[in-house]
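First the structure, in the form of structure tokens, and then the observations on it.
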């Protein structure tokens, strides 16, 4: 498992985004579990139109080409995904196929996030990725990360681990088959 | 019906976008039916992050505040909406409530567009708008607009008229009730 | 508002269904607010195939024809609607158009229900109904109804009232326009 | 590939269902490609409520337990799945996990089916299955099957083959990993 590379895509560029701390908590958790990861920050791309060829997209494409899977951390805005996340995901078709994706949704309320996960499942399947069934829904986002940078709730951390384990299971199974 | 204002939102900024000619055909059709409309072009806004306060958003907000309803013309990208359209729709919450919206989806293939309409129904309902049930799905987009600028298929034009009639029916019913 | 008829459709026939008590709580709340309602229990129909003409469907059709709107109370099963609810809603096309529908989802966990609401929005829009934007998501269903039969949480009851007010607003606006 | 067992689930019990001939065409195509399959006909179960323990469910559970994957053939009713299909899929949780599913949607019109595929992707992911990205959308269902029982359109048959190849690729990859 130690040689899998699973980048973590932070899917919002909104000022004051709470998803950033949650992405960092996920990255720490992945490293504890000997997964290689790297933060892909949607704010580094600044696309304004589908099909734009922004500076930096080469780097995004290289990371996705090297990836064995992906974790997406994103807030739910009006029951859907942030526009900036969609612009980035739509910018490349070459490297997604048959790789698993784990979904982490963020909501400042008590309900929410589950709708976004459904929309991201449809989007990532269209991109030929494999969204794993367990997803992490972070509600009450302000209280979600403790001072030490970990997820404040042990039960939430356990869901994160279950999701990551499923991503790893699929990453290994599909990497093996892609190489066959 | 002649005093209803229903702007037409062109929801893609992609180079070579075929939706532009389709939006123009819709605008012509609306004018023939004595509806006031105006093109809102997502390419005029160039947002890069949710919550950005781009130049021009005041104009968008004024148009939406004055609107009795909305027509959205957008292509389906990877089973969902263009990111630039989501960025614009998410930029304002003040003026959507209880106004109808008619959906026009554009696809270069034979299948497609229907998935986008479903996602736009969920998004616009989250924005408290009322998506009308009839929707116009333009497939084979290259052949969809004739040299005179009208929709090339009479049956497609009829669907457009049915959709517009439903938008008008709701615009009148809801404008009356909002004013009560 | 006192002459509006808004039946309440209980959308599961599963043994031990917790949604039944929640439907009763909604019915009490509607009566307090001078709304006429009636329980439509999906368990009374026992359809096994789309298009079946079961005994009792005439009664369902009469109730829907008389209705000014609808409230649906249903649990989320595997992120979607109960099959028995779909069979009943699909059994009739004549009486739904341009009537509002309010959605109450029920989940035994903390997450859930929001996905069902999205699917019911798409389904009811296909049926030409108007799903209102506010929805009531009842989580932790076992604790949701107090001994007196009311929703145990005052904040949940307030959401129910907001949803009902929106159904009433649309029921009046659309009934007026349908009669014009 | 010759020892994979991929049953074909016919997901409507409606009288005059056109999906039956399409399911048969798929079964023939699978056999030509040395896949073992078997028809699972939702009409054989006649469930009326979620959680019902109908006669015959043991047989369904055995087939699903033995399956390496699944093909679902179903018509789109009001933008969603048939209620009888949902009742059957919801009746068992034990045997779906980490198995691929290929989707064949049937519509009597020109648009349609794509919405159903999206809903089935969400449903089967909730069941922990892996919906493959290519899907077969059969429109104009009356003309879809030729007199010899094959899909009338060669291009449609090619899409069917692409979908089946993807199901097989995943069935092998995941069977191998489940056994590891």
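When each copy gets a label point 7 Å from Cα toward the beta-carbon at residue C:53, what are the spacings between them in nm, shortest first?
Spelled out, the distances from residue C:53's label point are 3.6, 6.4, 6.4 nm.
Sort D:18, D:61, D:115 so that the residue with the fewest other Cβ atoms within 10 Å of its own Cβ comes first and the one with the most comes last.
Final ranking by Cβ density, sparse to dense: D:61, D:18, D:115.
Compute the distribution of all C-alpha to C-alpha distances in segment A:8-179, in bins of 10 Å from 0, and list the percent of pairs in each, rounded to whole numbers.
Taking every Cα pair in segment A:8-179, the percentages come to 10, 42, 37, 10, 0.
Which of these, C:40, C:27, C:111, has the largest mean-square fluctuation under a Gaussian network model of chain C (Cα springs below 10 Å)?
C:111
Rounded to two decimals, what ratio of Rg to Rh does segment B:86-180 give with C-alpha atoms and a Kirkwood Rh?
Taking Rh as the inverse mean 1/r over Cα pairs, Rg/Rh reads 1.02.
Tell me which D residue has its C-beta closest to the axis rotating D onto B, and the distance in Å?
Whole-Å result, nearest residue of chain D to the axis: D:114, 2.
For segment B:4-45, compute Rg over Rh where Rg is the Cα radius of gyration and Rh is the Kirkwood radius from the inverse mean 1/r over Cα pairs.
Rg divided by Rh gives 1.00.
Output, in nm with one decimal and in ascending order, the distances from the residue C:31 label point to the matching label points of the other copies (7 Å from Cα along Cα-to-Cβ).
So the distances to the same position in the other copies read 5.9, 6.1, 6.1 nm.
Under a no-solvent Debye model with one identical scatterer per Cα of the protein assembly as shown, what's log10 I(q)/I(0) at q = 0.10 Å⁻¹?
Scattering profile of the protein assembly as shown, log10 relative to I(0): -1.01.
Below 8 Å, C-alpha to C-alpha, sequence gap of six or more: please give me the relative contact order for chain C in percent.
24
If I model a spin label as a point 7 Å beyond the Cα along the Cα-Cβ vector, how far apart are those points for residue C:41 and residue D:39 in nm?
3.8
Among DSSP beta bridges lying fully in segment B:1-159, give the percent that are antiparallel, nearest 5.
Antiparallel bridges: around 10 percent, rounded to the nearest 5.
I need the calculated FRET efficiency for the pair residue C:158 and residue B:61, taking r as the beta carbon distance and R₀ as 30 Å, to the nearest 0.05.
Calculated transfer efficiency: 0.55.
Tell me, D:159, B:101 in order of fewest to most beta-carbon neighbours within 10 Å?
Ordered by Cβ neighbours within 10 Å, fewest first: D:159, B:101.
For residue B:165, go 7 angstrom from Cα along the Cα-to-Cβ vector, then report the distances to that same point in the other copies in nm, smallest first.
Between copies, matching label points for residue B:165 lie 3.6, 4.7, 5.9 nm apart.
Only the coordinates and a few stated rules stand behind these numbers; no lab work does. Treat the numbers as computed from the prediction; the structure is a model and nothing was measured. All Cβ positions, even for glycine, are placed from backbone atoms using ideal geometry, and neighbour counts span all protein chains on display.
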